[in-house]
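What follows is a set of notes on a single structure, which appears directly below.
The values are calculated or read from the model by the stated rules, or taken from the named source; none is laboratory data. It should be emphasised that the depicted structure is a prediction, and the values quoted were computed from it without experimental measurement. Methodologically, a virtual Cβ is constructed for each residue, glycine included, from the backbone with ideal geometry; neighbour enumeration extends over all protein chains shown. For the accessible areas, the whole protein counts, side chains as well, though only heavy atoms, and no ligand, DNA or RNA atoms are used. Shrake-Rupley method; radii C 1.70, N 1.55, O 1.52, S 1.80 Å.
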Amino acid sequence: MKPQLMAPRALGAYSLLFFSPRGAFRFWQRNAYIFRRIFPESVAVNFLEPVIYLLAMGFGIGAYLSTVGGLPYLTFVATGLVATAAMFGATFECTYNAYVQMYYEKAYDAVITTPLGVEDVVIGEIWWGATRSVLYGTVFLAVIALFGTVRSPLALLIPVLFLLSGLMFSVIAMTFTAANPSIDYFTFYFALFITPMFMFSGVFFPLDALPAWVRTAAWFTPLSHVVSLSRALALGTLEAHHATDLAWILTVTVAMFPLPVVLMRRRLVK
(Lines give C-alpha, C1' and ligand atoms only; values in the text may rest on other atoms or scores of the structure.)
Protein backbone atom coordinates (compact mmCIF):
# COMPACT_ATOMS: atom_id res chain seq x y z
CA MET A 1 0.00 0.00 0.00
CA LYS A 2 1.21 3.50 -0.83
CA PRO A 3 2.41 4.95 2.53
CA GLN A 4 0.45 8.21 2.24
CA LEU A 5 -2.79 6.22 1.95
CA MET A 6 -2.26 4.50 5.30
CA ALA A 7 -3.90 5.87 8.45
CA PRO A 8 -1.67 8.62 9.83
CA ARG A 9 -1.88 7.56 13.47
CA ALA A 10 -0.93 4.00 12.50
CA LEU A 11 2.46 5.19 11.32
CA GLY A 12 3.57 7.95 13.70
CA ALA A 13 7.33 8.48 13.71
CA TYR A 14 7.71 5.22 11.75
CA SER A 15 6.48 7.09 8.66
CA LEU A 16 10.09 8.30 8.29
CA LEU A 17 10.86 4.77 7.11
CA PHE A 18 9.00 5.65 3.89
CA PHE A 19 11.26 8.63 3.22
CA SER A 20 12.89 8.51 -0.20
CA PRO A 21 16.08 10.58 -0.70
CA ARG A 22 15.28 10.77 -4.41
CA GLY A 23 11.74 11.99 -3.69
CA ALA A 24 12.94 14.64 -1.23
CA PHE A 25 15.53 15.79 -3.74
CA ARG A 26 12.84 16.15 -6.40
CA PHE A 27 10.81 18.39 -4.08
CA TRP A 28 13.97 20.39 -3.22
CA GLN A 29 14.65 20.68 -6.96
CA ARG A 30 11.12 22.00 -7.54
CA ASN A 31 11.62 24.72 -4.94
CA ALA A 32 15.03 25.62 -6.38
CA TYR A 33 13.51 26.00 -9.85
CA ILE A 34 10.81 28.37 -8.55
CA PHE A 35 13.33 30.29 -6.43
CA ARG A 36 15.57 30.86 -9.46
CA ARG A 37 12.88 33.05 -10.99
CA ILE A 38 12.35 35.21 -7.87
CA PHE A 39 15.94 35.22 -6.60
CA PRO A 40 16.65 39.00 -6.74
CA GLU A 41 13.41 40.02 -4.95
CA SER A 42 13.64 37.25 -2.38
CA VAL A 43 17.28 37.95 -1.50
CA ALA A 44 16.58 41.66 -1.19
CA VAL A 45 13.67 41.16 1.24
CA ASN A 46 15.45 38.64 3.49
CA PHE A 47 18.89 40.20 3.23
CA LEU A 48 18.06 43.85 3.92
CA GLU A 49 16.81 43.41 7.48
CA PRO A 50 20.11 42.21 9.02
CA VAL A 51 22.01 44.77 6.93
CA ILE A 52 19.83 47.55 8.35
CA TYR A 53 20.45 46.24 11.87
CA LEU A 54 24.18 46.15 11.13
CA LEU A 55 24.23 49.74 9.96
CA ALA A 56 21.96 51.04 12.74
CA MET A 57 23.50 49.16 15.65
CA GLY A 58 27.07 48.85 14.43
CA PHE A 59 27.56 52.42 13.33
CA GLY A 60 24.83 54.07 15.43
CA ILE A 61 25.43 52.60 18.87
CA GLY A 62 29.02 51.86 17.89
CA ALA A 63 29.65 55.61 17.75
CA TYR A 64 28.97 55.80 21.52
CA LEU A 65 30.12 52.34 22.59
CA SER A 66 33.63 51.77 21.31
CA THR A 67 34.36 48.20 22.49
CA VAL A 68 32.50 45.20 23.94
CA GLY A 69 34.48 42.34 25.43
CA GLY A 70 37.65 43.76 23.92
CA LEU A 71 36.11 43.91 20.43
CA PRO A 72 35.01 46.94 18.40
CA TYR A 73 31.23 47.06 18.74
CA LEU A 74 30.78 46.82 14.95
CA THR A 75 32.76 43.55 14.94
CA PHE A 76 30.80 42.19 17.90
CA VAL A 77 27.42 42.92 16.29
CA ALA A 78 28.40 41.84 12.76
CA THR A 79 29.69 38.42 13.84
CA GLY A 80 26.41 37.82 15.72
CA LEU A 81 24.08 39.16 13.04
CA VAL A 82 25.52 36.77 10.46
CA ALA A 83 23.91 33.95 12.44
CA THR A 84 20.52 35.69 12.37
CA ALA A 85 20.67 36.12 8.58
CA ALA A 86 20.87 32.33 8.29
CA MET A 87 18.07 31.89 10.86
CA PHE A 88 15.66 34.20 9.05
CA GLY A 89 16.41 32.56 5.68
CA ALA A 90 15.29 29.15 6.95
CA THR A 91 12.47 30.47 9.13
CA PHE A 92 10.65 32.52 6.48
CA GLU A 93 10.89 29.65 4.00
CA CYS A 94 9.43 27.06 6.38
CA THR A 95 6.71 29.28 7.87
CA TYR A 96 4.98 31.70 5.49
CA ASN A 97 6.27 30.23 2.21
CA ALA A 98 5.53 26.64 3.26
CA TYR A 99 2.08 27.55 4.58
CA VAL A 100 1.08 29.33 1.37
CA GLN A 101 2.13 26.27 -0.65
CA MET A 102 0.32 23.90 1.71
CA TYR A 103 -2.93 25.77 2.43
CA TYR A 104 -3.60 28.24 -0.38
CA GLU A 105 -1.86 26.69 -3.39
CA LYS A 106 -2.57 23.06 -2.35
CA ALA A 107 0.85 22.16 -3.74
CA TYR A 108 1.48 19.53 -1.05
CA ASP A 109 -1.87 17.83 -1.81
CA ALA A 110 -0.97 17.73 -5.50
CA VAL A 111 2.53 16.35 -4.88
CA ILE A 112 1.41 13.45 -2.66
CA THR A 113 -0.88 12.17 -5.42
CA THR A 114 2.34 11.38 -7.31
CA PRO A 115 4.86 8.70 -6.27
CA LEU A 116 6.24 11.23 -3.72
CA GLY A 117 5.01 10.84 -0.13
CA VAL A 118 4.34 13.27 2.71
CA GLU A 119 7.78 12.45 4.15
CA ASP A 120 9.48 13.45 0.88
CA VAL A 121 7.62 16.78 0.84
CA VAL A 122 8.46 17.67 4.45
CA ILE A 123 12.10 16.61 4.28
CA GLY A 124 12.56 18.26 0.89
CA GLU A 125 11.11 21.47 2.33
CA ILE A 126 13.41 21.28 5.36
CA TRP A 127 16.48 20.84 3.15
CA TRP A 128 15.36 23.74 0.99
CA GLY A 129 15.03 25.91 4.11
CA ALA A 130 18.60 24.94 5.05
CA THR A 131 19.75 25.79 1.52
CA ARG A 132 18.28 29.29 1.80
CA SER A 133 19.96 29.62 5.16
CA VAL A 134 23.34 28.94 3.51
CA LEU A 135 22.60 31.36 0.65
CA TYR A 136 21.55 34.32 2.82
CA GLY A 137 24.10 33.69 5.52
CA THR A 138 27.01 33.37 3.09
CA VAL A 139 26.09 36.57 1.24
CA PHE A 140 25.84 38.42 4.56
CA LEU A 141 29.19 36.93 5.64
CA ALA A 142 30.79 38.37 2.50
CA VAL A 143 29.32 41.79 3.33
CA ILE A 144 30.64 41.90 6.90
CA ALA A 145 34.04 40.73 5.63
CA LEU A 146 34.17 43.94 3.56
CA PHE A 147 33.94 45.88 6.85
CA GLY A 148 37.01 44.07 8.17
CA THR A 149 35.10 42.19 10.87
CA VAL A 150 36.24 38.69 9.80
CA ARG A 151 39.67 37.93 11.22
CA SER A 152 40.29 34.22 10.74
CA PRO A 153 40.40 31.67 7.89
CA LEU A 154 38.18 29.52 10.13
CA ALA A 155 35.36 31.72 8.79
CA LEU A 156 35.42 29.46 5.72
CA LEU A 157 33.67 26.89 7.94
CA ILE A 158 30.77 29.22 8.72
CA PRO A 159 28.65 28.11 5.69
CA VAL A 160 28.78 24.58 7.15
CA LEU A 161 27.42 26.05 10.37
CA PHE A 162 24.68 27.75 8.33
CA LEU A 163 23.70 24.38 6.85
CA LEU A 164 23.44 22.71 10.28
CA SER A 165 21.64 25.62 11.92
CA GLY A 166 19.43 25.97 8.84
CA LEU A 167 18.29 22.37 9.27
CA MET A 168 17.54 23.08 12.95
CA PHE A 169 15.53 26.25 12.32
CA SER A 170 13.73 24.61 9.38
CA VAL A 171 12.69 21.63 11.51
CA ILE A 172 11.38 23.94 14.26
CA ALA A 173 9.51 26.15 11.77
CA MET A 174 8.00 23.21 9.85
CA THR A 175 6.76 21.73 13.15
CA PHE A 176 4.86 24.94 13.87
CA THR A 177 3.62 25.22 10.28
CA ALA A 178 2.28 21.66 10.25
CA ALA A 179 0.24 22.34 13.41
CA ASN A 180 -0.72 25.94 12.60
CA PRO A 181 -4.48 26.37 11.94
CA SER A 182 -4.19 29.83 10.35
CA ILE A 183 -1.55 32.00 8.69
CA ASP A 184 -2.40 34.71 11.24
CA TYR A 185 -0.92 32.56 14.02
CA PHE A 186 2.59 33.06 12.63
CA THR A 187 2.44 36.39 14.45
CA PHE A 188 2.68 34.44 17.72
CA TYR A 189 5.61 32.38 16.41
CA PHE A 190 7.62 35.46 15.57
CA ALA A 191 6.52 37.61 18.53
CA LEU A 192 6.92 34.95 21.23
CA PHE A 193 9.79 32.84 19.88
CA ILE A 194 11.85 34.43 17.09
CA THR A 195 11.98 38.03 18.39
CA PRO A 196 12.91 37.22 22.03
CA MET A 197 15.54 34.79 20.74
CA PHE A 198 16.85 37.48 18.38
CA MET A 199 17.21 39.95 21.25
CA PHE A 200 18.59 37.63 23.96
CA SER A 201 21.06 35.37 22.15
CA GLY A 202 24.16 37.51 22.51
CA VAL A 203 23.86 39.24 19.15
CA PHE A 204 23.78 42.83 20.44
CA PHE A 205 25.32 42.50 23.91
CA PRO A 206 27.13 39.85 25.98
CA LEU A 207 24.86 37.72 28.14
CA ASP A 208 27.28 37.71 31.08
CA ALA A 209 25.82 40.86 32.69
CA LEU A 210 22.24 39.58 32.65
CA PRO A 211 20.53 37.98 35.68
CA ALA A 212 21.31 34.29 36.15
CA TRP A 213 17.81 33.12 35.23
CA VAL A 214 17.91 35.08 31.98
CA ARG A 215 21.31 33.57 31.10
CA THR A 216 19.92 30.11 31.79
CA ALA A 217 16.87 30.73 29.60
CA ALA A 218 19.06 32.20 26.85
CA TRP A 219 21.33 29.13 26.91
CA PHE A 220 18.44 26.94 25.85
CA THR A 221 17.60 29.12 22.83
CA PRO A 222 18.96 27.60 19.60
CA LEU A 223 20.22 30.92 18.23
CA SER A 224 22.57 31.62 21.14
CA HIS A 225 24.67 28.57 20.21
CA VAL A 226 24.80 29.56 16.54
CA VAL A 227 25.91 33.07 17.50
CA SER A 228 28.60 31.68 19.81
CA LEU A 229 30.00 29.44 17.06
CA SER A 230 29.79 32.00 14.24
CA ARG A 231 31.61 34.59 16.36
CA ALA A 232 34.31 32.12 17.35
CA LEU A 233 34.88 31.02 13.74
CA ALA A 234 34.93 34.58 12.39
CA LEU A 235 37.41 35.75 15.04
CA GLY A 236 39.51 32.59 15.30
CA THR A 237 38.69 32.10 18.99
CA LEU A 238 37.34 28.55 18.74
CA GLU A 239 37.81 26.60 21.99
CA ALA A 240 36.84 23.21 23.38
CA HIS A 241 33.68 24.51 25.07
CA HIS A 242 32.22 25.41 21.66
CA ALA A 243 31.70 21.67 21.14
CA THR A 244 28.74 22.08 23.50
CA ASP A 245 27.19 24.60 21.09
CA LEU A 246 27.52 22.18 18.19
CA ALA A 247 26.15 19.31 20.29
CA TRP A 248 23.06 21.36 21.25
CA ILE A 249 22.34 22.28 17.61
CA LEU A 250 22.54 18.61 16.59
CA THR A 251 20.48 17.46 19.60
CA VAL A 252 17.61 19.87 18.89
CA THR A 253 17.61 18.94 15.18
CA VAL A 254 17.61 15.18 15.69
CA ALA A 255 15.13 15.23 18.60
CA MET A 256 12.58 17.35 16.71
CA PHE A 257 13.08 15.87 13.24
CA PRO A 258 10.15 13.35 13.35
CA LEU A 259 7.64 15.96 14.61
CA PRO A 260 6.93 17.92 11.38
CA VAL A 261 6.64 14.66 9.42
CA VAL A 262 4.13 13.17 11.87
CA LEU A 263 2.11 16.40 12.18
CA MET A 264 2.05 17.03 8.43
CA ARG A 265 0.91 13.45 7.77
CA ARG A 266 -1.98 13.92 10.21
CA ARG A 267 -2.89 17.17 8.46
CA LEU A 268 -2.71 16.03 4.86
CA VAL A 269 -3.91 12.41 5.10
CA LYS A 270 -7.54 12.23 6.23
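Assorted remarks:
A quick yes/no check of all residues on (1) touching a residue at least 24 places away in the same chain (Cβ under 8 Å); (2) open to solvent by 70 Å² or more (accessible area, probe 1.4 Å); (3) in contact with an Asp or Glu (Cβ under 9 Å, 6 or more places away or on another chain):
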residue	(1), (2), (3)
Arg151	yes, yes, no
Leu154	yes, no, no
Asp208	no, yes, no
Ala217	no, no, no
Val226	yes, no, yes
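- Every condition in (1) touching a helix residue (DSSP H, G or I) at 6+ places or on another chain (Cβ under 6 Å); (2) assigned to a helix (DSSP H, G or I) is met by Gly202 except one, and the failing one is (2).
- Each residue in the stretch 237-258 was checked for being touching a helix residue (DSSP H, G or I) at 6+ places or on another chain (Cβ under 8 Å) and not in a helix (DSSP H, G or I), and 4 pass.
- Residue in the stretch 115-135 that is farther than 22 Å from Ile183 by Cα and out of contact with any Phe, Trp or Tyr (no Cβ under 8 Å at 6 or more places or on another chain) present: yes
- Here the helices (runs of 4 or more DSSP H) wholly within the stretch 1-116 that include at least 2 residues being open to solvent by less than 40 Å² (accessible area, probe 1.4 Å), touching a helix residue (DSSP H, G or I) at 6+ places or on another chain (Cβ under 7 Å) and at pLDDT below 90 are 8-11, 21-53, 73-92.
- Flag for Met168 being modelled with pLDDT under 95, open to solvent by less than 20 Å² (accessible area, probe 1.4 Å) and assigned to a helix (DSSP H, G or I): no
A quick yes/no check of all residues on (1) under 26 Å from Ile52 (Cα atoms); (2) of a type in the set (Ser, Thr, Tyr):
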residue: Thr84; (1), (2): yes, yes
residue: Tyr96; (1), (2): yes, yes
residue: Ile112; (1), (2): no, no
residue: Arg132; (1), (2): yes, no
residue: Ser152; (1), (2): yes, yes
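- Picking from residues in the stretch 125-165 that are aliphatic (A, V, I, L, M) and within 25 Å of Val261 (Cβ to Cβ), the one that is modelled with the lowest pLDDT is Leu135.
- Taking the criterion of being in a helix (DSSP H, G or I), buried (at least 24 other Cβ atoms within 10 Å of the Cβ) and of a type in the set (S, T, N, Q), the only residue of the stretch 117-149 that qualifies is Ser133.
- Which listed residue, of Tyr189, Tyr185, is more than 18 Å from the chain's Cα centre (by Cα), under 27 Å from Val262 (Cα atoms) and either in a helix (DSSP H, G or I) or free of Cβ contacts under 8 Å to residues at least 12 places away in the same chain (or both): Tyr185
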